[in-house]
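Taken together, the values in this text are just the output of simple stated rules run on the coordinates, not laboratory data. Just so you know, these numbers come straight off a predicted model, no measurement behind them. Because the Cβ atoms are built from the backbone with ideal geometry, glycine has one as well, and the counts that use them run over all protein chains shown.
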Amino acid sequence: MKRIVCAGIVLLFVIVTGVHATVKKDLKLSLRDKQIQNLSTSGLSLVFYVDITNLSSREYFLSGYNYRFVVQDNEFFRLQVPLGQEIAIQPNEKTLISLPVKITYDLLFEEIAQTKEEDSFKCYLMGSFHFSDDSHEKGRIPIAFSGEFPVFKGLETEILPVIVNDLTIGGADLMVRLCFKNRNVKDIAVVNMDYEIKVGERAIAQGSLPDDIHIPGKQEMILEIPVLISFFDVGKDIYSFLKQDSAPFHIILDLELVTPWDRFSHPIDIIERISLEKSKEN
């Protein structure tokens, strides 16, 4: 009896091994691309695009997959995904599959120590794709891809003291200055910027940036916005604000940023009491 059982186990092993070998022979996996998407100061998505090439005349189905995601040699998480609706892998064709990995910086910093000061991380995705033929499990093919993703530190914005070039009972000539601080190692370009500037609750200026701004990594850049005000248009109470040493400013920016990793919108909303630097005549 023991010999029969052992023979049965060997036969089963040969059958399973043969099935897996057939799948590996018929299907080839290759990494087509990696992309950073949905980048923000909160996190990002790292998407692996995988080509499944069916070299046979047989139709296969992707029934599920599993993987673990490793950052700096530390396992960040693992995932097993059975597909409710299998994906057909047509004979003699190539099928593109995306594997998005959502990374939240707060969770990353909790799970992996000494990471907050880093600018980027090496990572690995390892697991397997599960294939079936006519809804019967046929085998698994291992996957292993490496990647890298940034820790995006954003674009800090500071309102510098506002220069009052001229102030009369009829209007004012101001220079509003914004300091953009790029805390990332890579350059950032501001390709579009819409702005609105308020003093108190009254809008005194709005417009768009005429030219792109290029901010090298780990550097700062000052943007000057000239503002001409007619108190007849915006209200005479603005005059009393500007006569003081400081005034309550509210600046709303809608930036479009281009980085080496992604292109995205970056809104900024600052409400602060800002010092006023006046010319000697005022």
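Points worth noting:
- Remark on ILE274: its backbone amide H falls under 5 Å from those of ALA247, PHE249, a criterion applied only to residues 5 or more positions apart or on other chains, H modelled at 1.01 Å from N.
- Modelled FRET efficiency - R0 35 Å, GLU272 with SER98, Cβ distances, 0.05 increments: 0.25
- For ALA205, the residues 5 or more places off, or on other chains, whose built amide H falls under 5 Å of its own are ILE197.
- Order of ILE271, ILE143 under a 10 Å beta carbon neighbour criterion, fewest first: ILE271, ILE143
- When exposed loop sites are taken as GluC sites (Glu not before Pro) in a DSSP loop with at most 16 other Cβ atoms within 10 Å, the longest stretch of the chain clear of them is 119-200.
- Charge-dipole axis of the chain as Lys and Arg at +1 and Asp and Glu at -1 on Cβ define it, positive-most pick from GLY147, ILE271, GLY171: GLY147
- For the chain, modelled as a GNM whose springs connect Cα atoms under 10 angstrom apart, the maximal fluctuation among PHE231, PHE129, PHE76 occurs at PHE231.
- Rounded to whole Hz, the Karplus (6.51, -1.76, 1.60) HN-Hα couplings of region 213-230, x for glycine and proline: 10, 10, 10, x, x, 6, 10, 10, 8, 9, 10, 10, 10, x, 10, 9, 10, 10
- Spin-label model, ASP237 to ASP212: label points 7 Å out along the Cα-to-beta-carbon direction sit 4.2 nm apart.
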